[in-house]
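Here's the structure, in structure tokens; my notes come after.
The values are calculated or read from the model by the stated rules, or taken from the named source; none is laboratory data. Since the structure is predicted, the reported quantities are computational estimates derived from the model, not experimental observations. Heads up, the Cβs are rebuilt from the backbone with ideal geometry, glycines too, and the neighbour counts pull from every protein chain shown.
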Amino acid sequence: MKKGVLLIFCVTILVGCSQRLAYNNLGWLASYYISDFVDLTDQQEDQLESDVEALVNWHRQSELPKYQSQVQSLINNWQEMTEADVVAMFDTTRHYWYSVVAQVFPKLVHHLNTLNRQQKEMLITNLETQLLKDDWQDGDQYRRYERWLGKLNNAQRAIINEHYQQGEFARQVWRAHQQRRFNQFQQALMLSNDEHLSRGLFQKAIVTEPQQLPARIVEIQNRRIAATASLAIRLRATMSDKQEAHFEEELRDLLELLKSL
């Protein structure tokens, strides 16, 4: 019987820091990235760089060991993982993300409150443009799997495509949820420069823990997680020996990268 494939999403959530150079230079890269959305003063840029460097130091000490442990567990156990195991890993990795958001949130509110009205309007305009942009291209549903498995066969493409099509409703609901959060963010940004007051307003738009999400969104997320776990189990019998070796090599490369950071 072929070895089971661990759900690709469980790994991709761990690789936001996938490039060593970028990770080690996030301070100045943050200013470069933010410049696409809003023009900062020199003082604002210096403070942003300092805060991002502090965040990276925290992340390196607090979070990277968790990621290493998770990837090592995958290397050891992915062949035997069940749907329930995959769902549990989703829950774990999702909390990794929220830990970062919770750490960033206070500084983010402070930085937003240093923006003048012109900067805020510029930020809103550019964020809205980005929100409305649809960069989806045919074949995108396969790319994340191809990274971890290599070339997909026809049976695997059919399984993945079916999963993607079944998720269209969830994506529509999520896009509507994003739009509501953006509207709340815009309101919070434009209403007040009072950090205490705006903190509560921003909290509605910037979710720092999954319990803050609307019940309907949580329900849909949980259904999609279960469906994606099922996808992993369906893919297990289709994997070739070459794909299994490719997947394990990607996991080991990821572990070495995390250790090097």
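The table below gives the values:
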| item | result |
| --- | --- |
| Residue check for Cys17: at pLDDT below 85 and under 27 Å from Thr129 (Cα atoms) | yes |
| Options Glu63, Glu45, Glu121, Glu83; residue that is out of contact with any Lys or Arg (no Cβ under 9 Å at 6 or more places or on another chain), of a type in the set (D, E, K, R) and closer than 19 Å to Tyr23 by Cβ | Glu63 |
| Residues of the range 148-184 classified as in contact with an Asp or Glu (Cβ under 7 Å, 6 or more places away or on another chain) and basic (Lys, Arg), total | 0 |
| Condition broken by Gln61, with the remaining ones in (1) at pLDDT 90 or above; (2) surrounded by 13 or more Cβ atoms within 10 Å (Cβ to Cβ); (3) of a type outside the set (A, V, I, L, M) satisfied | (2) |
| Among the residues listed as Lys259, Lys242, the single one being exposed (fewer than 15 other Cβ atoms within 10 Å of the Cβ) and modelled with pLDDT under 90 | Lys259 |
| Count of the range 214-261 residues which are within 21 Å of the chain's Cα centre (by Cα), among the aliphatic types (A, V, I, L, M) and under 24 Å from Ser69 (Cβ atoms) | 9 |
| Residue in the range 159-179 that is surrounded by 15 or more Cβ atoms within 10 Å (Cβ to Cβ), in contact (Cβ under 8 Å) with a residue 12 or more places away in the chain, of a type outside the set (Gly, Ala, Ser) and under 30 Å from Thr114 (Cβ atoms) present | yes |
| Yes/no for Tyr67 being surrounded by 14 or more Cβ atoms within 10 Å (Cβ to Cβ) and touching a Pro at 6+ places or on another chain (Cβ under 8 Å) | no |
| Residue satisfying condition, being in a helix (DSSP H, G or I), of a type outside the set (Gly, Ala, Ser) and at pLDDT 90 or above, within set Arg157, Arg175 | Arg157 |
